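To start, the structure under review is shown below, and the notes come after it.
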Amino acid sequence: MTTVQGVVDRVGPTLLRTVLPGERPVTDVVIAEAGRRTQIAEGDLVLGVTVNTAAKATELVEHTKGASAVLFKPPLAATPGVVNAAKANGTAVIEVHSGAAWAQLVWLLRTVLDAAADDEYGAEPGPAGLGDLFRLADVAASVVDAPVTIEDANSRVLAYSARQDRTDPARISTIMGRRVPDDVLARFRSRGVFRDLSRGRTTIFVPAQKDGTLPRLIVPIRMGGELLGSMWAVVPGPVSDERAAAFADTAPVVALHLLRRRALADAERRRSAELVRTVLQGKGSVRLAAAELDLDDEPHRVVAIDVDTDDALGAEGVRLALWERITAGVGRRPAVTDLHGVLYAIVPDRVGWPALRDALRSESQALVGVGVPAEIGELAESRAQAEEALSLVRARLVDGPVATHDEVWPVVALHRVAAAALPTDATDLGLLPLLREHDDQNGTSYVDTLYEWLRHPGDPKTAARALRIHANTLRYRMAKAVELTGANLDDPDIRLALTVQLAVGRWA
């Protein structure tokens, strides 16, 4: 048995929004009919299908004592009369998206309640309803008289029809790889297919292509204005308006399945994220959370991933899409959560991190910091190290988009020393301010030259290469710097002090 909030979580925020929360158990769905006193039992979800005024909505709520929740479309759900009457009865109030069809919502709610009953009695409903999606693909294939695939908004294959009488290399590679290959995506994108999908076209026909790709009839899967995915049929040629319309009519049912699948996945992700946060913070029942996450009792690393993007999906959506992409081929997926705009993952050091590191090499969007291996109870320290390594990547103090704390320790040490010295104004002592002022006024580069000369003692050729100048130019600059400041660079304490000062300016 599930609660009102459990139903809302499973259906998802696209269709339902909680106005007045409630935790009563839910047992059935009841439609309130206009002009008739609806029989209400404890545990009912009461749908105000025919209610169209605030007064009628308030009257309905007043007669729902014992019901778990009442559901209205906006603006009725948020009216003071409805909310006050619901508070008096202890009834939750849920707002239904204005674009949702009541019939589809009834079907979806009953599906959620059936799934909850299956969970209660130990039934095996399958992975997020994918079995139903495969059956729907078969139904859609019979309607359009062609093989069908159902894909999500990221072109990943969720289900496909058993019918395989008409196929081409693009369909085969799509089904085998469980997502549309990049070259196939590029071909359809060049023909404006994804632009048409985003604009809300009911059906899209794509003629045969020169590379042997057969014609496609494509239907967007939408709910409440949101593009959830698409259905692709491999057709012999143009399809009649009647058959195309019948194919499109199957999309709302598929949309409900996708919403339910996403709601279940979101609920599981939220639960997993809370457990991951417990482990990363090192507070509370860390061992219990690790056991629920099925983390083996072996050293793990914390990986922090940031994505700098202006993508219309929003940063969180981009991070999650990136995460699913980079972990698709690494076997068992690591525990993951999103904290303050950064994606954190807990991966086994011996197997998980090498596989994830290889997957990250092709992701130029991702900036990654990695902590050292730690036991389950000490992962809070690995998280702090991952964050420190990520900060070095963001500041471009290390080469490349990935920094592993135990591999970039020299940079970590320099950065910590520099950060500690910066507030002391140590860089304003001695001869360095004089060189800096000369560079600013005359366009010289004595400070940079001194830095590289100190970094490569006794090796002027390497220091000159770092500055992209000739070694003789380096010698000339150093002679002028000594002449200007009168510094005794043979004194080891002066060289050490200058090295620290210059490091502060570059590593803090």
**Request:** List the number of the failed condition for residue 406; all other conditions in (1) closer than 30 Å to residue 349 by Cα; (2) surrounded by fewer than 16 Cβ atoms within 10 Å (Cβ to Cβ); (3) out of contact with any Pro (no Cβ under 9 Å at 6 or more places or on another chain); (4) in contact (Cβ under 8 Å) with a residue 24 or more places away in the chain hold.
**Result:** (3)
**Prompt:** Does the stretch 77-90 include one or more residues that are at positive phi and loosely packed, with under 15 Cβ neighbours inside 10 Å?
**Reply:** yes
**Prompt:** From the list 484, 498, 422, which one is touching a residue at least 60 places away in the same chain (Cβ under 8 Å), loosely packed, with under 15 Cβ neighbours inside 10 Å and part of a helix (DSSP H, G or I)?
**Reply:** 422
**Message:** So if I check each of 445, 391, which one is of a type in the set (Ser, Thr, Tyr) and within 30 Å of residue 282 (Cα to Cα)?
**Reply:** 391
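Table: residues versus (1) over 16 Å from residue 482 (Cβ atoms); (2) surrounded by 12 or more Cβ atoms within 10 Å (Cβ to Cβ); (3) touching a residue at least 24 places away in the same chain (Cβ under 8 Å).
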position	(1), (2), (3)
438	no, yes, yes
443	yes, no, no
448	no, yes, no
459	yes, yes, no
**Prompt:** Does at least one position in the stretch 174-188 carry a residue that is modelled with pLDDT of 85 or more, under 16 Å from residue 229 (Cβ atoms) and not small (Gly, Ala, Ser)?
**Reply:** yes
**Request:** Give the residue, chosen from 48, 22, 6, that is surrounded by 15 or more Cβ atoms within 10 Å (Cβ to Cβ), closer than 28 Å to residue 257 by Cα, touching a helix residue (DSSP H, G or I) at 6+ places or on another chain (Cβ under 8 Å) and modelled with pLDDT under 85.
**Result:** 6
**Item:** Residues located in the stretch 159-189, provided they are in a loop (DSSP other than H, G, I, E, B) and surrounded by 15 or more Cβ atoms within 10 Å (Cβ to Cβ)
**Value:** 161, 163, 166, 168, 180, 181
**Message:** What's the number of the only condition in (1) surrounded by 16 or more Cβ atoms within 10 Å (Cβ to Cβ); (2) farther than 18 Å from residue 159 by Cβ; (3) of a type in the set (D, E, K, R) that residue 216 fails to meet?
**Reply:** (2)
**Item:** the stretch 219-240, residues that are surrounded by fewer than 13 Cβ atoms within 10 Å (Cβ to Cβ) and either under 29 Å from residue 97 (Cβ atoms) or in contact with a Phe, Trp or Tyr (Cβ under 7 Å, 6 or more places away or on another chain) (or both)
**Value:** 225, 238
**Fill in**
Counting only helices (runs of 4 or more DSSP H) wholly inside the stretch 311-409, the ones holding at least 1 residues that are modelled with pLDDT under 85 are 315-326, 352-360
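Residues are listed down the side, and each one gets a yes or a no for (1) within 27 Å of residue 13 (Cβ to Cβ); (2) within 28 Å of the chain's Cα centre (by Cα); (3) among the basic types (Lys, Arg):
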position	(1), (2), (3)
154	yes, yes, no
161	no, no, no
169	no, no, no
181	no, yes, no
188	no, yes, no
199	yes, yes, yes
**Prompt:** Which ones in the stretch 190-201 are assigned to a helix (DSSP H, G or I) and loosely packed, with under 14 Cβ neighbours inside 10 Å?
**Reply:** 190, 195, 198, 199
**Message:** Taking the conditions exactly as written (assigned by TED's automatic domain parsing to the domain that holds residue 247 and either part of a helix (DSSP H, G or I) or surrounded by 15 or more Cβ atoms within 10 Å (Cβ to Cβ) (or both)), does residue 141 satisfy them or not?
**Reply:** yes
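The values are calculated or read from the model by the stated rules, or taken from the named source; none is laboratory data. These numbers come from a predicted model, not from an experiment. Counting neighbours? That spans all protein chains shown, and the Cβs are built from the backbone with ideal geometry, glycine included.
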